[in-house]
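In what follows, a structure is listed as structure tokens, so that the remarks can point back to it.
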Amino acid sequence: MKTMLKALISMLLLACKATSAWAEDGHELWLRYREAPAQARAQTRAQTRAQVRTQARALVVPADASPMVKVAVDELRRGVTQMSGREPAVVTVPVDGALVLATPASLPALNTLGLPLAAAGAEGYVLRSATLAGRHVTLIAANGERGLLYGSFAWLRAASIGVDLAQLDQVSAPKLQWRMLNHWDNADRSVERGYAGLSIWDWPALPEVRSTRYVDYARANASLGINATVLNNVNAKAQMLTGPWLAKVAAVAEVLRPYGIRVFLSARFSAPKDLGGCAGADPLDPCVRAWWKAKADEIYARVPDFGGFLVKANSEGEPGPGDYGRSHVDGANMLAAALQPHHGIVIWRAFVYSETDASDRAKQAYSEFAPLDGAFAPNVIVQVKNGAIDFQPREPFHPLFGAMPRTVLGLEVQITKEYLGFASHLAYLGPLFEEVLRADTYRPAGATVASIIEGQGGRPSLMAGVVNIGMDRNWTGSEFNQANWYAFGRMAWDPELSADAVAREWIAQTFSREPRVIDAIARLMMGSREAVVNYMTPLGLHHLMATGHHYGPGPWVSDLARPEWNPTYYHKADANGIGFPRDATGSNAVGQYAPELARRWGDARTTPLELLLWFHHLSWDERLSTGRTVWEELVHRYDAGVQSVVEMRQQWEALRPDVDAQRHAETAAFLAIQEREARWWRDACIAYFQSVSGRPLPAGVVPLSKTVEQYRAIQSSFAPG
Ligand code: BDP
């Protein structure tokens, strides 16, 4: 009996071990260095193995490698071993088939090879097949250690996606100086708008316990070129700036440092008052100025490469210089002066709107900030959300882009999908990022948002993403949400990259290198954001989400304290029509754009349908370029959104033989939720708009499953985030 029990236990243990050894749970992100074990991929796996074996037989590493070069070498060793099944030797003299990491300082012979190192700049790299001392090698060349780090990851990416490693010739340098994550993580480890579990920052255990997760986090970010992270929520607590918490911050900074990631903190503007040093937080008060200066000195003593502060001031009830009758410039420049001796920067957010300002919320940031152009200190970046409202499924680009030529503007996007279905809906954000980056501001014509944030040499530049990372095993709540972190990082490195190309890279590293599979998954991903737009907020509608948590539809909500918190404020639907009049007859928000756009978007006939109801209030019966009336088009688009999700499910189902069972099943389950909730959105919104429009459902349209009262009665009290 005893032996049988023992045998049973060991069988169980073995089974567990086997499951976890083969578990495809997404934890390795895109740094898998192997394809999932499916039959169809035996051939590509064999090709990779053979390629990597011949092209990375050994690693040549600079003598006296710095910690940053060491992590690059560790990563290469890990990747090469996993891809080739053989650990590469680390040698000092090039042999045939070696991967050579070198800078002109570590290997003067580089200077004789005519490499485009000037184009690589301080952070970029050159990957090139070359002959060195008569040996055929691959160079990972750079001007400094950071380029070697990024170059190593770029080589691993090339190997993972099946680039011909014998013919490498790439040069790449980041187009933005700061490629930054914004964590909205709180001290209690909850994450504002986080849908992937608790914060990865284990504050109670820090500074003593340095979770290995921090290392994997750093690897993933370094692989994309992300070089900065703000650890805490913009709705900040002053406590983060106290000694014990700074010790925790310093511990995290130490782990991230070799990966080239600098730590920033969100700073609560009232900290000098909250922490008991000064009577108030007036930026012109000498006590306050001295407090921040001393605080900066204290932080830099603990974290010598501290990046600086991110500040949300006088927005949604947060304290700021306005509390003392001072301007954003007064506040930002005061902090900038405290950080300047340490080369730190201030990132001042332009996401402001006020409970006392009755003007169109979409206009307020521009009205407050545009007049301040040229007044911010050189080490201040004004961080502007992609659109003027708040990370909606679709918004026109923010009118501040192009309107402050003498100010450094950074772009803030949201990777966590607060308004695009949280972690459960599949919505690839690459197309959303691409849409804003490529938008022409016409200030002057051809000046895209990308070119504006790229700025000019010598000035800082920034793209920041409110990240979707948490303690979930797969980091981001769902496999496909990883693609949004990936796309953010790649597009922050190079804002001109196409969303489609980035998706394909991610798929090849995450699922499969087989072209047929890449095509199928890319198609599904590329249409997914538009599907969400259609089933949530088609035709330029926005902010129809339920109160607070923003989960599910709430187009009827009209009883919240501030007008601009209510969906009815945004859609203005009544018996006659729908849409926010932002043309000259209305709020004239359109007048904040360059004259070309103000003209185009100021006239409903020349406004793209995607933005129609953002700028115009139209009669339900107005006929559109599609031949349908506004009412019919609205219903049509809600239907199209649902139909897209039905098709996404079918496309995913067809991929069953090509994706490992666990990840296939998880995504299939999420898509089932998405279809159910897309129908909920469609039915609830149509039911509500029908209750105000009084128009019948167009012929042939699927009837609604509930009445508007029944939809209104649905409560989602325990929605996450
Ligand atoms: C909104 C979020 C809110 C954030 C705010 C911000 O709903 O939780 O605090 O933006 O960006 O999207 O400050």
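Descriptive notes on the structure:
- Projected area averaged over orientations for segment 616-721, convex hull of C-alpha atoms, nm²: 9.6
- Per-residue 3J(HN,Hα) values for segment 603-619, derived from phi via the Karplus relation 6.51 cos²θ - 1.76 cosθ + 1.60 with θ = phi - 60°, read 10, 4, 6, 10, 8, x, 4, 4, 10, 3, 7, 5, 9, 9, 9, 10, 5 Hz in sequence order (x marks Gly and Pro).
- Protection proxy ranking, highest mean first, for peptides 206-213, 421-428, 230-237: 421-428, 230-237, 206-213, where packing is the per-residue count of other beta-carbon atoms within 10 Å, averaged.
- Placing a label point 7 Å from the Cα of Asp64 along the Cα-to-Cβ direction, the residues of segment 238-271 whose backbone N falls under 20 Å of that point are 258.
- Counting only Cα atoms, segment 147-234 measures 51, 26, 24 Å along its principal axes, largest extent leading.
- With 19 Å as the limit on Cα-Cα distance, the pairs of Lys237/Lys417; Lys237/Lys273; Lys273/Lys385; Lys295/Lys385 that go past it are Lys237/Lys417; Lys273/Lys385; Lys295/Lys385.
- Highest to lowest packing among 640-653, 530-543, scored as the average C-beta count within 10 Å: 530-543, 640-653
- Förster radius 41 Å - calculated FRET efficiency between Ala279 and Arg676, Cβ distance, rounded to 0.05: 0.15
- Sum of -39500 (n - 2.57) over DSSP H runs of 4+, divided by residues of the chain (222 nm, nearest 500): -12500 deg cm²/dmol
- In segment 119-274, the C-alpha radius of gyration followed by the widest Cα-Cα span (Dmax) gives 19.2, 68 angstrom.
- The length gained on full extension between Asp621 and Ala290, counted as 0.36 nm times the residue separation minus their Cα-Cα distance, comes to 112.9 nm.
- Near-label residues of segment 255-283 by backbone N, under 17 Å of a point 7 Å along Cα→Cβ of Ala247: 255
- Whole-Hz Karplus values for segment 547-562 come out as 5, x, 7, 6, 9, x, x, x, x, 7, 5, 9, 10, 7, 4, 9 Hz, taken residue by residue from phi with 6.51 cos²θ - 1.76 cosθ + 1.60 and θ = phi - 60°; glycine and proline positions read x.
- Cα-projected label distance for Ala89 with Ser691, points at 7 Å along beta-carbon direction, nm: 7.7
- Annotation: the residues Ser367, Ser528, Ser270, sorted from fewest to most other C-beta atoms within 10 Å of their own C-beta, follow the order Ser367, Ser270, Ser528.
- If a spin label sat at a point 7 angstrom from the Cα of Ser129 along the line to its beta carbon, the backbone N atoms of segment 79-109 nearer than 13 Å would be those of 97-98.
- Label-to-label distance for Asp500 and Gln715 is 4.8 nm, based on points extended 7 Å past Cα in the beta-carbon direction.
- Fraction in percent of alpha-carbon pairs per bin - 20 Å, the chain: 17, 48, 31, 5, 0
- Ratio of Rg to Rh for segment 449-524: 1.05 [Cα atoms; Kirkwood radius as inverse mean 1/r over pairs].
- Fully extended contour minus Cα-Cα distance, from Ala50 to Leu113, at 0.36 nm per residue: 19.9 nm
- Bridgeable aspartates and glutamates around Lys175 (alpha carbons under 19 Å apart, same-chain partners fewer than 8 residues away excluded): Glu123, Glu145, Glu412, Glu434, Glu435, Asp440, Glu454, Asp494, Glu496.
- Pairwise FRET efficiency - Glu596 versus Ser705, Cβ, R0 = 51 Å, nearest 0.05: 0.70
- Diffusion of segment 527-669 by Stokes-Einstein, at 37 °C in a medium of 0.692 mPa s and with Rh set to the Kirkwood radius over alpha-carbon pairs, works out to 194 µm²/s.
- The simple Förster model, with R0 at 56 Å and r as the Cβ-Cβ distance, assigns Ala375 and Arg34 a FRET efficiency of 0.55.
- Extension gain, Asp297-Gln456: 0.36 nm per intervening residue step, less the Cα-Cα distance, totals 54.2 nm.
- Counting every pair of alpha carbons in segment 137-188, the share spaced more than 13 Å apart comes to 68 percent.
- Estimated vicinal HN-Hα couplings, Hz - segment 420-430 in sequence order (Karplus 6.51, -1.76, 1.60; Gly, Pro = x): 10, x, 6, 8, 8, 8, 7, 9, 7, 8, x
- Cα-centre dipole for segment 25-162 with unit charges at Cβ (Lys and Arg positive, Asp and Glu negative), debye to 20: 440
- Averaged over residues, the count of other Cβ atoms within 10 Å places the peptides 595-604, 495-504 in the sequence 495-504, 595-604, highest first.
- Two-decimal log10 I(q)/I(0) for segment 199-312, as the Debye equation yields it once each C-alpha is a single scatterer, q = 0.10, 0.22 Å⁻¹: -0.31, -1.24
- For Lys706, the aspartates and glutamates whose Cα comes closer than 19 Å to its Cα, not counting residues fewer than 8 places off in the same chain, are Asp639, Glu675, Glu677, Asp683.
Bear in mind these aren't lab numbers, they're just calculated from the coordinates by the rules spelled out. Quantities reported herein were computed from a predicted structural model and do not represent experimental measurements. Virtual Cβ from ideal backbone geometry, glycine too; neighbours counted across all protein chains shown.
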